[in-house]
Structures are given as structure tokens and as C-alpha cells.
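Structure first, commentary second.
The values are calculated or read from the model by the stated rules, or taken from the named source; none is laboratory data. Just so we're clear, the structure is a prediction, and the values are computed from it rather than from any experiment. Every residue, glycine among them, receives a Cβ derived from its backbone with ideal geometry; neighbour counts consider all protein chains shown.
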Amino acid sequence: MIYFLLILLLLPLALYLHLLFIESKTLILLRIYLKLNYNTRIEGLENIPKKGPCILVCNHFSYIDWLFIMSAIPRPVHFVIHYRFYYAKIIHPILKKVGAIPISADGERPKLVSKAFAKVSEDINNGNLVLIFPEGGITRDGKVNRFKKGILKIKEACPDAPIIPMSMDGLWGGLYSYSRPGLFSLKKLKFGRTPVTIKIHPPYNKEIQLDDLKQVVLSGLDLKDGKFYKEQITF
């Protein structure tokens, strides 16, 4: 318990200082933290282009999905995040430094949504990797929700950027997910390294069909009837 509390106390400061002054591709402290607490296996890294634009599409099980993807891919990764988190005072400098893009829910702030899509398109067309969670939010019940049409709009604006589907498994049931008994519930803590798998699929080179693209992502998850059914009660 002392070890866990020490990590909780020191991690925010370490991440803040490191992310504030060092580019995302060299997040050494972050990788050490993830290494200590998670046993991460990465499959298909060769499918990420060494240079040039790319649209990463992944399922969304927890609040730290983006951290794993940034750590796993040896290129800076920009990503879309809800504006309420982006503008939170404690974390805003970090998210701004690593190229996060704030967005709002449908109909909540139309101007912000338009601005976010413009920024995503600009980043991609400038040769960057941009991570999209096409469900539009974190799952509340372990199901991979339907993919929204925003990815179609992004692809239309960036026709030359390949879409790389990704599947991330192992974080549902952990502290940062909405699994029972709730988000950040200490009852879900269990010492040991949580197994996490990140599967990077080959480029999706056909006309986008949302259900088909979702099936590609689902194919890399340990699912039953579209729902994650293992409660990985670990930190």
C-alpha cells in the first residue's frame, strides 16, 4: 500500500515535468511507470508508417488509453479529447504540449467541434499521426459502442492519410475504467502488473463502412457478443 500511495503522489509531478519539457516520443518516465504497473504487448507495430500522415482509430475502454498509445508508438501522436479535461488547470499544460485537440459532444459546442475537425485535418495534412476514438467517448458498460460519422468527415478532408485500426485490450476492469464498482474505485486495486495488448492492424484501404471498421477493431479484442467480459481487477 505504501508503494502504491508513493506512486500516486509522485507520478503527477513526474509526468507534469517530463511532458512539459520533453517531446512525447521520448516519454521515458511515462514508459517506466507503465512498465512497472502493466505488462504491455504490442502487435503489428510495423503497420505504423515511419513518416507521413496517419489516422489511428482505436476502441476506448479507459481514461489512460491515449497514454499507452503514445508510449507504444515511436512517433509523436496527437489525439482528440473532451474539452472539459483539456482545459482542466492541472493537466492542460501537459495536454497542450503533447498536441491534444479539444472537442465537445455533439450539439454541445458546435463552434468547438468545427474548430476541432479543422485542427485534426490540419495536423494530419501536415504529416502527423492523429488518434481518434470513433465511439465518441469511453464505454460505460464494456461494450464497444457504434462508431460515429466524424471519422468519415476526417477521411474526406485527408484522403491521402491511411487509416490504421487499433485494438487495445486489458484496461476494462481497471482503476481508470467505468467497470464495477465504478470509476477510480479503490476496490478494484490489486497489486501486480496488468496485462495489456495493443494490436495494430494493417491499413484500412477500402471505402469506410463504419460497422466494418468497428469489426476490424473488435477482431483484436477478447470479447463475447461485442462486450468485454473479463473483469481485470488490477491497477
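Looking only at segment 197-208, decide whether some residue is in contact (Cβ under 8 Å) with a residue 40 or more places away in the chain, within 16 Å of Leu221 (Cα to Cα) and part of a loop (DSSP other than H, G, I, E, B).
Yes: one or more hits.
Within the group Ile90, Ile154, Ile64, Ile94, which residue is crowded, with 20+ Cβ neighbours inside 10 Å, of a type outside the set (Lys, Arg) and either within 26 Å of Pro49 (Cα to Cα) or touching a residue at least 12 places away in the same chain (Cβ under 8 Å) (or both)?
Ile154
Is there a residue in segment 174-195 that is within 24 Å of Glu46 (Cα to Cα), modelled with pLDDT under 95 and not in a strand (DSSP E or B)?
no
Might you check whether a residue that is at pLDDT below 85, over 15 Å from the mean Cα position of the chain (by Cα) and either surrounded by 15 or more Cβ atoms within 10 Å (Cβ to Cβ) or not basic (Lys, Arg) (or both) occurs anywhere in segment 44-59?
No, segment 44-59 contains no residue that is at pLDDT below 85, over 15 Å from the mean Cα position of the chain (by Cα) and either surrounded by 15 or more Cβ atoms within 10 Å (Cβ to Cβ) or not basic (Lys, Arg) (or both).
Answer yes or no: is there a residue in segment 177-186 that is in contact (Cβ under 8 Å) with a residue 40 or more places away in the chain and in contact with a strand residue (DSSP E or B) (Cβ under 6 Å, 6 or more places away or on another chain).
no
Results for (1) closer than 21 Å to Ile138 by Cα; (2) more than 14 Å from the chain's Cα centre (by Cα), shown as yes or no for each residue.
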{"residue": "Val77", "(1), (2)": "yes, no"}
{"residue": "Gly99", "(1), (2)": "yes, no"}
{"residue": "Ile103", "(1), (2)": "yes, yes"}
{"residue": "Gly107", "(1), (2)": "yes, yes"}
{"residue": "Phe117", "(1), (2)": "yes, yes"}
{"residue": "Asn126", "(1), (2)": "no, yes"}
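Here are some conditions: (1) touching a His at 6+ places or on another chain (Cβ under 7 Å); (2) at pLDDT 90 or above. Asn145 meets all but one. Which one does it not meet?
For Asn145, the failing item is (1).
Can you report the number of residues in segment 126-138 which are at pLDDT 95 or above and either surrounded by fewer than 15 Cβ atoms within 10 Å (Cβ to Cβ) or over 17 Å from Arg75 (Cβ atoms) (or both)?
Counting residues in segment 126-138 that are at pLDDT 95 or above and either surrounded by fewer than 15 Cβ atoms within 10 Å (Cβ to Cβ) or over 17 Å from Arg75 (Cβ atoms) (or both) gives 5.
Looking at segment 97-111, which of its residues are surrounded by 14 or more Cβ atoms within 10 Å (Cβ to Cβ) and either free of Cβ contacts under 8 Å to residues at least 60 places away in the same chain or at positive phi (or both)?
Across segment 97-111, the qualifying residues are Gly99, Ala100, Ile101, Pro102, Ile103, Ser104, Arg109.
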